[in-house]
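**Q** Here it is: the structure, laid out below.
Just so it is clear, none of the values below were taken in a lab; they were calculated from the coordinates. Predicted model, so just to flag it, every value in this text is computed and none were measured. Every residue, glycine as well, gets a Cβ built from its backbone with ideal geometry; the counts of neighbours run over all protein chains shown.
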Amino acid sequence: MKLLISGVLQDDLAKLPYSNSLLRGDGLFETILTIDQKVVAWDRHYARLEKSAKQILITLPARIDIEVGIEKILASATGESRLRLNVLADGDWFITLEPVSEGKESISLMKINEPKISKGALSGIKSISYGESLSAVRKASAAGFDDGIFLNENADVVETALSNLLILTEAGWQTPSLSTGCLPGISRELLIKWFEVSEREFKFEELLDSKAVYATSSIRLIQPVSKVEDRLFGKNLLGEELIENFKSKLFSNMNP
């Protein structure tokens, strides 16, 4: 892993800024796919970061300083990497960079019983206060699954602990609406823009009855879900086409 703190490259991970903001999880982050020295969908990631900062009253460092820092940390990078930009409430910021490991071809999901509040102070915000999501992943792992599906207080499907959700029904491709409290994911945003994915509220039973389920994120892009609870999902031709078409469109324009 490579580390840059407030614009300066570091050779020791022990130099992370252990401030109250970091210890208390008071800040924002963006996880961004990079390919060699290119950042995928940077303008969209920054726009989301800027909007979230205004919502929770955090002052961002100058955009040019962040961009120079990203350029520094990517100087000798090759292949696909996971860049994580962290901005703390006290003004510190840092970037980590590590290679993207090969993920599973498909994942399994279980329902999380504790609801995600749709209109909470951090709903829809990529906060470094990530305990709720990581707790859900641990519970899922203990039960033999890869990730968990959150429902909100209205029993609407929200997202997984780590990704947005996409389902295929007779009506076409659908994803939970932002009113559920889900994160406004970048891949989710582009799928809506490019492939006529519709947003709506739906229940867990509707997800189980769908033709196919996928998890979407900035790193894995579109990942098939092979199992939700006891319901198995096979390969889907329309899903495979969407995965290839999305990747092709995204990589032909790295900053859409």
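**Q** Could you give the length gained by full extension between Q37 and S198, i.e. 0.36 nm per residue of separation minus their alpha carbon distance, to one decimal place?
**A** Result: 54.6 nm gained on full extension.
**Q** What ³J(HN,Hα) values, in whole Hz, does the Karplus curve 6.51 cos²θ - 1.76 cosθ + 1.60 give for the range 144-154 when θ = phi - 60°, with x put for Gly and Pro?
**A** Taking θ as phi minus 60°, the curve returns x, 10, 8, 7, x, 9, 8, 10, 8, 5, 9 Hz for the range 144-154.
**Q** Still on this structure, I have one more. Read phi for every residue in the range 30-40 and hand back ³J(HN,Hα) as whole Hz from Karplus 6.51 cos²θ - 1.76 cosθ + 1.60, θ = phi - 60°, with x for Gly and Pro.
**A** Per residue, the Karplus-derived 3J(HN,Hα) values read 10, 9, 10, 7, 10, 10, 6, 9, 9, 9, 7 Hz.
**Q** Where does helix 237-252 land angle-wise versus the long Cα axis of the chain, in degrees 0 to 90, nearest 10?
**A** Taking the Cα atoms of the chain, the angle to 237-252 is about 20 degrees.
**Q** Additional query: Could you calculate the FRET efficiency of R84 with E229 from 1/(1 + (r/R0)^6), where r is the beta carbon distance between them and R0 is 35 Å, rounded to 0.05?
**A** That gives a FRET efficiency of 0.70.
**Q** In debye to the nearest 20, how big a dipole does the range 1-143 give about its Cα centre with +1 on each Lys and Arg Cβ and -1 on each Asp and Glu Cβ?
**A** 620
**Q** Hey, can you grab everything whose amide H is under 5 Å from the amide H of S118? Only 5+ residues off in sequence or another chain; H modelled, so Pro and N-termini drop out.
**A** Here the answer is E153, since their amide H atoms fall under 5 Å of that of S118.
**Q** Still on this structure, please answer the following. Once both axes come from the Cα atoms, what is the angle between helix 186-195 and the longest principal axis of the chain, in degrees from 0 to 90, rounded to 10?
**A** 50
**Q** If the label point is 7 Å along Cα→Cβ of N253, which residues in the range 25-41 have backbone nitrogen under 18 Å from it?
**A** Residues passing the 18 Å test: 39-41.
**Q** Whole angstrom only: what separates the Cα centroid of the range 154-217 from the Cα centroid of the range 56-134?
**A** Answer, in whole Å: 20.
**Q** What pairs from K111/K227; K15/K72; K54/K119; K2/K54; K38/K247 go past 22 Å between their alpha carbons?
**A** K2/K54
**Q** I would also like to ask the following. Show the residues, 5+ positions off or on another chain, whose built amide H is closer than 5 Å to the amide H of I149.
**A** Close amide H contacts, sequence-distant or interchain: M110, K111, I112.
**Q** Hey, got the dipole for the chain? About the Cα centre, +1 on K and R Cβ, -1 on D and E Cβ, debye to the nearest 20?
**A** 200
**Q** Still on this structure: On a 0 to 90 degree scale, rounded to 10, what angle separates helix 131-142 from the longest Cα axis of the chain?
**A** Around 50 degrees separate the two axes.
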